[in-house]
Amino acid sequence: MRADAYGKTTGDGNAARNERGESGMNGKPGRGPRAAVAAGAAGLLLTACGSGGTAGTTPEGWGTLRTERLTVAHPAAFEEVVPDKGNAHEVARATLTEGGVLAAAMSVEFDHGSLHTVEMAAVGAEARIQLGATPAGTTEIRVAGPGGRAEARKITYAFTSRGGPGTPPGGTRLEGLMVTGVDARSRPYLITVNSRAGALSDRDVTEIVESVTLTVPEK
């Protein structure tokens, strides 16, 4: 499976590709602030998550994609839509449309392979990135969860739109972000955000990452 533009999956030989991209909120890989996760931002809400647990920060006025295993925030202008029916792993999706054209998309996937460690989840995520994309790097991060902060990986990249209905014209430069890891029961998750360059600020990207909260405790 490979991520392309805004995430709709199609067959391509032995590998499926995403024709329209997933998740939104990002910054160009060359931007310093995107590569770093901000320690705190004004206007963010932070709450405890049970005894010994933590919750991510959610900017005031933002929306939230809520799933059975995690939550992640998105800017208010995003609209929650039906998950991609062509991707059996996708459980939630939100999109940003500007002038009738999809400018950004955020998605959440579970169980994208038999990947039961953070390292393997990251390998599986990287394998989904569109061929020809420019990788910006993989960074070790910590996300909130019921047992405290949990290890995860942030992957950033850039790629070029192939065009298509509702997507930026072919040749448009797009920016990608993935947050991946495993929950307390060693089940992999993948949050993907692809967007037209400039549609999301570095702060948007940072706040999306900071908002991720795993919700399922160990058995």
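The figures follow:
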| item | result |
| --- | --- |
| Tabulated pairs, the range 119-131, first among the aromatic types (Phe, Trp, Tyr), second assigned to a helix (DSSP H, G or I), C-beta under 6 angstrom, 6+ apart or interchain | none |
| Filtered residue count, the range 51-67, keeping only those that are modelled with pLDDT of 85 or more, small (Gly, Ala, Ser) and either in a strand (DSSP E or B) or at positive phi (or both) | 2 |
| Filter result for the condition that a residue is more than 17 Å from Thr67 (Cα to Cα) and touching a residue at least 40 places away in the same chain (Cβ under 8 Å), over Ala144, Ala136 | Ala136 |
| Matching residues in the range 74-89 - criterion: being crowded, with 16+ Cβ neighbours inside 10 Å, under 22 Å from Thr58 (Cα atoms) and either among the charged types (D, E, K, R) or in contact with a helix residue (DSSP H, G or I) (Cβ under 8 Å, 6 or more places away or on another chain) (or both) | His74, Pro75 |
| Criterion violated by Phe159 - all others in (1) farther than 19 Å from Val212 by Cα; (2) free of Cβ contacts under 8 Å to residues at least 24 places away in the same chain; (3) part of a strand (DSSP E or B) satisfied | (2) |
| Residue in the range 140-154 that is closer than 14 Å to Leu174 by Cα and modelled with pLDDT under 95 present | no |
| Search result, residues across the range 164-185 that are more than 23 Å from Val216 (Cα to Cα), in a loop (DSSP other than H, G, I, E, B) and either without any contact (Cβ under 8 Å) to a residue 60 or more places away in the chain or among the acidic types (Asp, Glu) (or both) | Pro165, Pro169, Gly170, Gly171, Thr172 |
| Scope the range 92-119; condition closer than 21 Å to Thr215 by Cα and hydrophobic (A, V, I, L, M, F, W, C); matching residues | Ala92, Ala94, Met106, Val108, Phe110, Leu115, Val118 |
| Answer residue from the range 184-219, given it is among the hydrophobic types (A, V, I, L, M, F, W, C) and in contact with an Asp or Glu (Cβ under 6 Å, 6 or more places away or on another chain) and is farthest from Gly61 (Cα to Cα) among those | Ala184 |
| All positions within the range 108-123 that are crowded, with 17+ Cβ neighbours inside 10 Å and outside any loop (DSSP other than H, G, I, E, B) | Val108, Glu109, Phe110, Val118, Ala121, Ala122 |
| Verdict on Glu119 being of a type outside the set (Phe, Trp, Tyr), out of contact with any helix residue (DSSP H, G or I) (no Cβ under 8 Å at 6 or more places or on another chain), more than 25 Å from Lys85 (Cα to Cα) and modelled with pLDDT of 95 or more | yes |
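The values are calculated or read from the model by the stated rules, or taken from the named source; none is laboratory data. Computed from a predicted model, the values in this text were never measured in an experiment. All Cβ positions, even for glycine, are placed from backbone atoms using ideal geometry, and neighbour counts span all protein chains on display.
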